[in-house]
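Just below is one structure, and these are the notes that go with it.
The values are calculated or read from the model by the stated rules, or taken from the named source; none is laboratory data. Computed from a predicted model, the values in this text were never measured in an experiment. Positions of Cβ are generated from backbone atoms using ideal geometry, with glycine treated the same way; all protein chains shown enter the neighbour counts. Remember, those area values only see protein heavy atoms, side chains included, never the ligands or the DNA or RNA. Shrake-Rupley method; radii C 1.70, N 1.55, O 1.52, S 1.80 Å.
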Amino acid sequence: MIQRIVYLAVFLSGFASLGYELCWIRKGTLLIGATPQALSIVVAVFFGGMATGAWLFGLFSRRTDNALLWYGTLEIVIGLMAAITPVLFELSGGTAALIYDWAGENQSLLVVLRSGLVAALIFPACVLIGGTLPLLCRFLISNRHADIRSTAGMLYAINTAGAFLGCMVCGIWLIQFWGVDGTIRFNALLSVSVGIAVVFVSRAVSPLPASTVLAYPTTYQPSCTVTETKNAGLVLYVLFFCTGFASLGYELVWVRFLSLIIHNTVYTTVFALGAILLGIAIGGWLTTVFNNRPDLDLLVFAAVNCVIGFSVLLTLLLPFRAWEWIFGTQSLPLQAVLCLVIMLIPSVASGISFPVAYRLVAATSINSGRDFGFLTAVNTVGGISGSVLVGFLLLPEAGIYASVLVLTCVSLLIGIGALCVFADDVTWLLKRRISYGIVLVLFGILLFGRVKLPADFLADKRMLIEYAEGISSCIAVIRHDGDNKLEIDRMWQGSNQKGHQIMAAHIPMMLHQDPRRVLVIGMGTGQTASRFLMYAIERLDCVEIEKKLPGILRRHFDAAWLSDPRTRVVTDDGRNFTTYTKAIYDIVSIEVGQSFRPQVASFYTVDFYRDVKKRLTKDGLASQFVPVGFFTESEFRSVVRSFLEVFPQSTLWFNKYGECILVGNATDQPLLSSTRLALLQSNPVLRADLNYSFDGSPWF
């Protein structure tokens, strides 16, 4: 009975932990910026805390005679600490603003300082989260509820299954309906409730002295004694560090690859993470079902890592036509199915790897809690390294293909290393043949694979002129119907032909009586930003998250406006810049486009509009471009309602192609004046630019 209660607690603990992670990612990106690097940092802080906790409490488990009581206490404290994090994030806004002022435009320094701020807010709770599993592992084995062969795999599987459910429920429903703060409070209540229940149950457990020596089952005879020498044990820990490195590195690669197949939405990361967690849970469960052949643990560990490497590489190098069944879909069920199809095999293999590695390490060990904690810490530190290196260096600088190739080599080297170092029963001749075979298969895949990743996916049977893999997306210039078209993650952003985007500048400039300083959030092809420079303004700040985009515009589009001395390009997340800059503007133009893209929805919220209001002069205007075709009726009404809450004096401009521009002020309704309209007659540049319509007929 006690064992079942403990397993339920582990499941609910995993649920709450993933809920915290998703919510803290949302909170953290508001401080750091909505970039994959920000995601990498928050994930690194989260797992870094867990690694520290696993190591510390793994050591502590040797000295306690009531690990279950300590586990329950930890859950209560975790819930209380998590419950106050929304307040802490709110209070940290002032500190973040000071950091922004002090660091200026030094993006590297900004990232480091903001990361330190996020770490200070969530790291203590993460340390306690990491300490839960080592304590439970110690309790279950010390009280004879399980043996060494099944405990690690069972705890790992149950906790990950809870994490999977927490990822799905919190990521898809709770955050949407209760908000981030409400979801954190719900999970905090869950943690506290679990802790109280476990503390109550622990009173019925007879403590086992911490000094008690635990004997391993006599039937457990591993294939190799990997911990008999310090060097052999060190090598195995290095290999397991590498498995963590590859695991989180693959996660970032998957998310980037999915953006080439489907429209990247706020749910893409949730589905990808959910598929990975489900596979890991299944893999952990399989190790508990098939645990009667410990002599094969080493070979299984080597094999599953090779399976991970080859399965990921083969999946990503499938030809473009293999994905046509789902290409470009916005159906959430189909997106979830896609994530399961492409991630399940490597995720299951990853789920098998951890418990098997634990059994290898623990084969000649006595204290299970210590070993479980240290092994978890080593794996987690590897994951942190993979998240940071892939997110900051490999993906933005080398691209998807190079990143997956590096990670594949890491996985294959883990398998080869484990086989060559530890498989004493396998002859060196056979080891060499297997190693050479793995290398030959890898070269064969690379030699005969004809897929150009990501070029084939970006082109989509069209002429691809140039592409670049940026910080958060893939940028492509496509030649179609005689025009150059700009796409980001395969979504249209503009062309080299004059279009409707020019009106996002002309309308607010006509409504404001004397605009001097303008802020544009989102560069696109520059049609909006360039039109502001047709007026007598003093300064144009253009905030764009992709630092490679200006260079592409200069090569393939009319980008003379970038060389105008009044123009300043700021490489930053627009939401972050608006929150923390001290600059004041007469017009803030928001050109972020599709609301379903990751982090874009935050630009249509009351909180963001309040930050925009702080950046405006008394007579300043906020201009929000709204692509109606990407909203449902209720979503469109919500956007308008949010805008009016902050800018009650507003006008709505609409064209027949389903696009709107909201222009508003907090106190005075913007109106056309005869003075501003006279510019159309006196300024030939403006008149020529506006002498345009979609169907070719003049406006004047």
Open item on the list: 7 Å from Cα along Cα→Cβ at both residue 685 and residue 2: what's the point-to-point distance in nm?
Closed with: 8.1 nm
- [ ] Give me the number: length gained by fully extending residue 645 to residue 447, i.e. 0.36 nm times residue separation minus the C-alpha to C-alpha distance, one decimal in nm.
- [x] 65.4 nm
Open item on the list: At a threshold of 8 angstrom on Cα-Cα distance, excluding pairs fewer than six apart, so keeping six or more, what relative contact order does the chain reach in percent?
Closed with: 15 percent
Open item on the list: If I take R0 = 60 Å and measure r between the Cβ atoms of residue 65 and residue 677 in this structure, what FRET efficiency does the formula 1/(1 + (r/R0)^6) give, to the nearest 0.05?
Closed with: 0.10
Task: Distance (nanometres) between label positions extended 7 Å along Cα→Cβ at residue 196 and residue 566 - done: 6.3 nm
Open item on the list: Keeping all protein chains in the complex and leaving out DNA, RNA and ligands, what accessible area do you get for residue 538 with a 1.4 Å probe, in Å² to the nearest 10?
Closed with: 120 Å²
Open item on the list: I need to check one value: relative contact order of the range 560-652, counting alpha carbon pairs closer than 8 Å and at least 6 residues apart, in percent.
Closed with: 31 percent
- [ ] Of the DSSP beta bridges with both residues in the chain, give the percent that are antiparallel, rounding to the nearest 5.
- [x] 60 percent
Task: Computed [θ] at 222 nm, deg cm²/dmol, the chain (DSSP H ≥ 4; -39,500 (n - 2.57); rounded to nearest 500) - done: -20000 deg cm²/dmol
Task: Length added when fully stretched, residue 479-residue 632, from 0.36 nm per residue minus Cα-Cα - done: 52.0 nm
Open item on the list: So I have (i) 28.1, 96; (ii) 26.1, 88; (iii) 43.5, 156, and one of them is Rg and Dmax of the Cα atoms in Å calculated from this model. Which one is it?
Closed with: (i)
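Please compute the volume of the convex hull spanned by the alpha-carbon atoms of the range 416-546 and report it per residue in Å³. Walk me through the numbers before you get to the answer.
Values: hull volume 19.9 nm³, N = 131.
Output value, Cα hull per residue: 152 Å³.
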TODO: Starting at the first residue of the range 624-630, write each ³J(HN,Hα) from the Karplus equation 6.51 cos²θ - 1.76 cosθ + 1.60 with θ = phi - 60°, in whole Hz, x for Gly and Pro.
DONE: 10, 6, 10, x, 4, x, 9
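Evaluate the relative contact order of the range 487-530 (contact order divided by residue number), counting alpha-carbon pairs under 8 angstrom at least 6 apart; express in whole percent.
Working: 21 pairs, mean separation 22.6, N = 44.
Relative contact order for the range 487-530 comes out at 51 percent.
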TODO: Kindly flag which residue pairs out of 485/614; 547/614; 498/547; 27/548 have an alpha-carbon separation exceeding 29 Å in this structure.
DONE: 485/614
